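Below is one structure, written out as structure tokens; the observations come after it.
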Amino acid sequence: HYASTTKSPDRLIVVDMGGTSFDVCLLRDGEAVMSSDIKVADQPIGVNGVEVLSVGAGGGSIAWIDSGNSLRVGPRSAGSQPGPACYDRGGVEPAVTDANLVTGRMAAGAFLGGRRSLNVDLAVKAIDDYVATPLGLDVPTAAAGILTIVNSNMATAIRAVSIERGIDPRDYVMVAGGGAGGLHAAELARMLNIGEVLIPRSAGGLCAFGMAVTPVRHDYVRLAHCYSNGEGVVQRINAVFDKLMAEGRAHLESDGFEASEIHFSRHLEGRYPGQVHNLTVPLSNDPISDECLRQLESDFHTEHDKRFTYAMRDQPVECLHWRLTATGNRPAPQGKLARGSDGAIKPSGQRSAYMASVNSEVTTEIYQGDALADGDTITGPAIVEFATTTVVVNPDDVLVVQADGSSLLTIAL
């Protein structure tokens with residue numbers, strides 16, 4: 001929940017930047033995009049699941065020089081052992097965390113809420129030895145270059161799930177999770193012309209928190225090959241869904257859910273006759289009828305046009321898999337800050353920090369996230385240090401603390 005007035009809360013680009021990877025997922029109309037093309041070790045598993053694109057871009061992603069003397073970042077990662085050079089655990093190669101530390105975007109004593117101290121000297125040495133000296137740069141410039149490249153890699157991943165599929169990211173709000181998400185969210189949003197970024201209070205544990213509070217879900221699929229204009233389709237498909245819904249209801253009731261907490265959604269996976277790729281479109285929960293099939297055809301044509309830029313509206317839909325999702329919903333816990341803003345917010349200090357929007361280091365005010373109240377407003381350049389993440393507010397960007405403790409960042413495009 002957030003106080004945005006310009007974007008729909010049902011259109012989200014959720015990103016999570018942790019130590020080894022950058023994960024991105026698109027939510028359209030409040031639902032995560034699903035895919036049956038998910039692979040494990042490059043092998044398709046044939047199971048429908050949430051479509052999450054992962055790239056090797058995290059705080060531990062290592063910066064290196066390729067054979068063409070160009071700077072690269074990732075996909076190789078320092079992981080947690082030995083970790084970035086600044087962890088002082090034996091790592092000698094520079095990572096993204098080292099670059100954030102050297103450029104002043106992170107404080108050596110603020111990592112994990114101050115429970116671990118980072119070694120700036122080791123970060124400087126790693127960047128100097130592996131990037132700055134080989135390229136003939138000074139260390140701050142080399143560190144800024146590392147950040148620029150990793151941001152470009154992550155922006156490419158977001159484009160892959162949005163622009164390359166005909167979806168305009170400017171219509172979406174970005175939700176930035178992961179320990180490193182807040183450090184890079186503003187730059188990513190600016191690169192994609194996304195006007196608003198929401199950083200949850202529990203950003204560093206966003207995925208774990210989501211797994212704990214997400215509704216219980218069972219997915220079912222039946223193969224029933226037919227054409228949308230064929231004879232006897234209505235009775236056949238209603239019989240399929242009657243069985244699936246009975247199975248789903250029984251499973252959720254055994255999980256302890258009441259009838260009022262059980263919800264269903266239905267989808268068809270189909271294609272135009274003769275095609276080799278399938279497309280999934282939603283169905284209403286009403287009993288299948290001739291009118292429902294005509295609406296299905298119309299929705300399929302529209303979605304095909306969005307995804308592939310053309311539609312064959314004179315063709316029926318070749319129906320393959322009929323899918324049912326049975327969900328047991330219970331309200332997620334709602335956090336709320338204990339106090340509202342009194343307008344007396346004060347920084348805890350200042351330091352020089354690199355800001356990508358102006359491509360230079362500027363004097364930056366530092367704020368402690370735990371001291372912020374509902375409605376507190378901060379205009380960049382600023383850095384807000386939370387226990388599990390650090391949020392960079394570029395010059396002229398505005399951060400507003402929400403009632404639940406999350407931060408809504410408005411980007412000055």
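Tally Lys/Arg at +1 and Asp/Glu at -1 over every other residue whose Cβ is under 12 Å from the Cβ of L337; what's the total?
Within the 12 Å Cβ shell, the charges total -1.
Starting from the 7 Å offset along Cα-to-Cβ, what nm value, one decimal, do you get for the label separation of N278 and R89?
Roughly 4.2 nm, to one decimal.
Nearest 10 degrees, 0 to 90: what angle lies between the long axis of helix 139-161 and the longest principal axis of the chain (Cα atoms)?
10 degrees
Pick out which of V233, V401, V92 has the largest mean-square fluctuation in a Gaussian network model of the chain, springs linking Cα atoms closer than 10 Å.
V233
Quick one: which of 162-168, 17-23 comes out on top by average Cβ neighbours within 10 Å, and what's the full order, highest first?
17-23, 162-168
Taking all protein chains as present, what is the carbon and sulfur share of the accessible area of region 343-413, in % to the nearest whole number, probe 1.4 Å?
48 percent
Counting only other residues whose beta carbon sits under 11 Å from that of S162, what net charge do I get with K and R as +1, D and E as -1?
+2
Divide by every residue of the chain the summed helix terms, -39500 (n - 2.57) for each DSSP H run of at least 4, and state the resulting mean residue ellipticity at 222 nm, rounded to the nearest 500 deg cm²/dmol.
Dividing the helical sum by the residues of the chain leaves -7500 deg cm²/dmol.
So for the pair R159, Q81, with labels modelled 7 Å out along Cα→Cβ, what separation do we get in nm?
3.9 nm
Among all the lysines, which ones have a C-alpha under 30 Å from K336's C-alpha, if same-chain residues fewer than 8 places away are not counted?
Once the sequence-local lysines are set aside, what remains near K336 is K7, K346.
Contour minus end-to-end for D129 and S35, with contour as 0.36 nm per residue of separation and end-to-end as the Cα-Cα distance?
So the extension gain works out to 29.5 nm.
Cβ under 9 Å from W322's Cβ, W322 left aside: what net charge do those residues give with Lys, Arg +1 and Asp, Glu -1?
Residues near W322 contribute +2 overall.
Find the centroid of the Cα atoms in region 289-306 and in region 235-271, then give the distance between the two in whole Å.
Region 289-306 and region 235-271 have Cα centres separated by 21 Å.
Hey, in the GNM for the chain with a 10 angstrom Cα cutoff, which one of Q402, Q275, Q368 fluctuates hardest?
For the chain, modelled as a Gaussian network with Cα springs under 10 Å, the answer is Q275.
What is the percent carbon and sulfur in the accessible area of region 249-300, measuring with a 1.4 Å probe over the protein chains and ignoring ligands?
Taking all protein chains in place, region 249-300 shows 48 percent carbon and sulfur surface.
Principal axes first, then extents: for the Cα atoms of the chain, list largest minus smallest coordinate on each axis, whole Å, largest first.
Projected onto its principal axes, the Cα set of the chain covers 74, 55, 38 Å.
Over what distance in Å are the Cα centres of region 32-83 and region 168-207 separated?
If we compute the Cα centre of each part, the gap is 18 Å.
The values are calculated or read from the model by the stated rules, or taken from the named source; none is laboratory data. For clarity, every value in this text was computed on a predicted model and none was experimentally measured. For neighbour counting, all protein chains shown are included, and Cβ atoms are generated from backbone atoms with ideal geometry for every residue, glycine included. To get the accessible areas, we keep the full protein, side chains included, count just its heavy atoms, and leave off ligands, DNA and RNA. Shrake-Rupley method; radii C 1.70, N 1.55, O 1.52, S 1.80 Å.
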